[in-house]
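In what follows, a structure is listed as structure tokens, so that the remarks can point back to it.
Every number in this text was worked out from the coordinates using simple rules, so none of it is lab data. Just so we're clear, the structure is a prediction, and the values are computed from it rather than from any experiment. Using ideal geometry, Cβ is built from the backbone for each residue, glycine included, and neighbour counts are taken over all protein chains shown.
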Amino acid sequence: QVQLVESGGGLVQAGDSLTLSCAASGGTFSTYVMGWFRQRPGKEREFVAAINRSGGRTIYADSVKGRFTISRNNAKLVYLQMNSLKPEDTAVYYCAAGSGITISPSRAYDYWGQGTQVTVSS
């Protein structure tokens, strides 16, 4: 069983940067593909970014490509660096862990965190 706890959310202004963290415990961290998702007000949850088990490959949603960066380290932490934030990035951001090696926007994930709120004011 893997537990995921997100942190780093908050209220920022458009154009600002913010880094989200996801701390994993339980399980073998290195065997999981890690992803970030978000749920904007009134919308369904959507894929944001994912990183493979070694950290050597990343993928992003078109809406965040070039602005967001996902990374991971051996201390069971996954980060989402968010730059040039826009009001439409306002959402609850979730960290997720998935077994196996597949990295794609549509793959299923086995474990989810509780989410952290990011609000971007204009």
When the chain is treated as a GNM, springs tying every alpha-carbon pair under 10 Å, which of A61, A91, A24 comes out with the largest mean-square fluctuation? A61
When the Debye formula is applied to the Cα atoms of the range 1-69, each taken as the same point scatterer, what base-10 log of I(q)/I(0) results at q = 0.17, 0.19, 0.26 Å⁻¹? -0.77, -0.95, -1.41
Out of every Cα-Cα pair in the range 31-85, what percent are more than 19 Å apart? 28
For the chain, with +1 on Lys and Arg beta carbons and -1 on Asp and Glu, the positive-most of N83, S17, G98 along the dipole: G98
Provide the three semi-axes, in whole Å and in decreasing order, of the ellipsoid equivalent to the range 16-122 as defined by the square roots of 5 times the Cα gyration tensor eigenvalues. 22, 14, 13
Would you list, by chain and number, the lysines whose Cα falls below 22 Å from the Cα of K86, excluding same-chain residues fewer than 8 positions away? K43, K65
Cα centroid distance between the range 68-112 and the range 1-44, in Å? 6
Per-q log10 I(q)/I(0), the range 60-122, q = 0.17 Å⁻¹ (Debye; single scatterer per alpha-carbon; no solvent): -0.72
